Each structure stands twice: as structure tokens, then as C-alpha cells.
Amino acid sequence: MLDQAINYLIKELKEREANLLESLGGGAAQDYAAYREMCGNIRGLVFAQSLISDLAKKMENFDDE
């Protein structure tokens, strides 16, 4: 059950990241402030994915002990 939740979170974060990257590549940023905001959102999504992946690995190692 926990694996499904983690996989769901990572999938949703990656989809949101892909949407933002597509928007950014398509010129959705109207000005530099909007560009910075979109980049910050992408950076935050990548960081969240990293945290969730690290947590999953730690939980897996904890279960092995």
C-alpha cells in the first residue's frame, strides 16, 4: 500500500514537472518574473521527488533490518 502511495506521488509530481517544462518551452512565461516562478516551481517539484525517493529507500532499508 505504501509503495502505491509513493509511486502515485512521484508520478503526479513528474506529470506536473513535465507540464511546466512544456509550458516553459512553449513560451508561456510572459516576463522574467514569470520565468523565474516557473523555474522555481520545477526546482521544487524535483526536490520533492528526491525527498520522496530518499524516504522510500530509507523505509526499504529499515524494513530489511
Selection status of ALA29, touching a helix residue (DSSP H, G or I) at 6+ places or on another chain (Cβ under 7 Å), among the aliphatic types (A, V, I, L, M) and in a helix (DSSP H, G or I) = no
When region 5-46 is examined, which residues are found to be of a type in the set (Ser, Thr, Tyr) and more than 16 Å from the chain's Cα centre (by Cα)?
-> TYR32, TYR35
Among the candidates TYR8, TYR35, single out the residue that is surrounded by 12 or more Cβ atoms within 10 Å (Cβ to Cβ), aromatic (Phe, Trp, Tyr) and in a helix (DSSP H, G or I).
-> TYR35
List the pairs whose first member sits in region 24-45 and is closer than 24 Å to LYS11 by Cβ, whose second member is part of a helix (DSSP H, G or I) and charged (D, E, K, R), and whose Cβ atoms are under 7 Å apart, counting only residues at least 6 apart or on separate chains?
-> ILE42/GLU17; LEU45/ARG16; LEU45/GLU17
Counting just the residues of region 47-61 that are within 22 Å of GLN4 (Cβ to Cβ) and under 8 Å from the mean Cα position of the chain (by Cα), which one comes out most open to solvent (accessible area, probe 1.4 Å)?
-> SER50
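The values are calculated or read from the model by the stated rules, or taken from the named source; none is laboratory data. Treat the numbers as computed from the prediction; the structure is a model and nothing was measured. Glycine gets a Cβ as well: all are built from the backbone with ideal geometry, and neighbour counts include every protein chain shown. Side chains included, ligands, DNA and RNA excluded: accessible areas come from the protein's heavy atoms. Shrake-Rupley method; radii C 1.70, N 1.55, O 1.52, S 1.80 Å.
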